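A.B. asks: Next up is a structure, given as structure tokens.
The values are calculated or read from the model by the stated rules, or taken from the named source; none is laboratory data. Keep in mind it's a predicted model, so treat the numbers as computed, not measured. Using ideal geometry, Cβ is built from the backbone for each residue, glycine included, and neighbour counts are taken over all protein chains shown. Note: areas computed on protein heavy atoms with side chains; ligands, DNA, RNA excluded. Shrake-Rupley method; radii C 1.70, N 1.55, O 1.52, S 1.80 Å.
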Amino acid sequence: MTITEALAEIKTTEKRIAKKREFVGQHLARDERLRDPFDQDGGSVQIVARELQAVQDLEQRRVVLRLRIQEANQRIMVVVGSMTKSLAEWLVWRREVAPNRQQFLRTVSQTLEKGRKDAQQKGMTLVGAGANVQVGGTQTINVFVNVNERALAEEIERLEQILGDLDGQLSLKNATETIQD
């Protein structure tokens, strides 16, 4: 079974669990004066007990599938750009590092853009990091940017490229790598 198939089975299993729990909830009790609708199948008590056991079995299946996927993700190596990491490492990086990194870079870029606009509106001169400026000449520097804006733009683009390539690799690996069933 591929990782994609296992993920699909997990979703299906979750839906089956929800339906079985709903069924159990609807049949927890009944008026004793009414005929047991499951009399021919061993009675409501047995049906509810079977459904509860089925829920436990499905929950265990879900755990097994998740563990198998996790094991596969630990062993599968993925190359994105010049970096090689296990699929598990990439997934953690994408979930916990990349969003914060994207937000930080976006904030830095927006702050610089706002600072540039503010400086221009006030008639000030703004000079970026790495600029070759002669201090003491005819030019007055009012605001000096401490970040190389070209490098910042390249980093934003590089991060987007990594995330795009990673998504492609994840789709490919999930569709082709197998897990023990």
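A.B. asks: How do the pairs read when you match residues in segment 68-81 that are under 11 Å from THR178 (Cα atoms) with residues anywhere that are part of a loop (DSSP other than H, G, I, E, B) and open to solvent by less than 100 Å² (accessible area, probe 1.4 Å), using Cβ under 7 Å and keeping only pairs 6 or more apart or on different chains?
C.D. replies: ARG68/ILE179; ILE69/ILE179; ALA72/GLU177; ALA72/ILE179; ILE76/GLU177
A.B. asks: Same structure again: Determine whether GLN56 is without any contact (Cβ under 8 Å) to a residue 24 or more places away in the chain and either open to solvent by less than 40 Å² (accessible area, probe 1.4 Å) or part of a helix (DSSP H, G or I) (or both). Explain how you work it out, then say what you get.
C.D. replies: Working: without any contact (Cβ under 8 Å) to a residue 24 or more places away in the chain: yes; either open to solvent by less than 40 Å² (accessible area, probe 1.4 Å) or part of a helix (DSSP H, G or I) (or both): yes.
Criteria met by GLN56.
A.B. asks: Okay, moving on. Do you know which residues across segment 77-100 are among the polar types (S, T, N, Q) and out of contact with any helix residue (DSSP H, G or I) (no Cβ under 8 Å at 6 or more places or on another chain)? Let's see the steps before the verdict.
C.D. replies: Filtering segment 77-100 down to residues among the polar types (S, T, N, Q) leaves 82, 84, 86, 100.
Across segment 77-100, the qualifying residues are SER82, THR84, ASN100.
A.B. asks: For segment 75-181, please list each of the helices (runs of 4 or more DSSP H) lying entirely inside it that holds at least 2 residues being open to solvent by 80 Å² or more (accessible area, probe 1.4 Å) and at pLDDT 95 or above. Step through it out loud before you land on a result.
C.D. replies: Working: elements: 87-92, 98-121, 149-176.
Result: 98-121, 149-176.
A.B. asks: When residues of segment 1-36 are filtered for being in a helix (DSSP H, G or I) and not hydrophobic (A, V, I, L, M, F, W, C), how many remain? Working first, answer last.
C.D. replies: Filtering segment 1-36 for residues in a helix (DSSP H, G or I) gives 3-26.
Right, trim to not hydrophobic (A, V, I, L, M, F, W, C) and you get 4-5, 9, 11-16, 19-22, 25-26.
Within segment 1-36, residues that are in a helix (DSSP H, G or I) and not hydrophobic (A, V, I, L, M, F, W, C) number 15.
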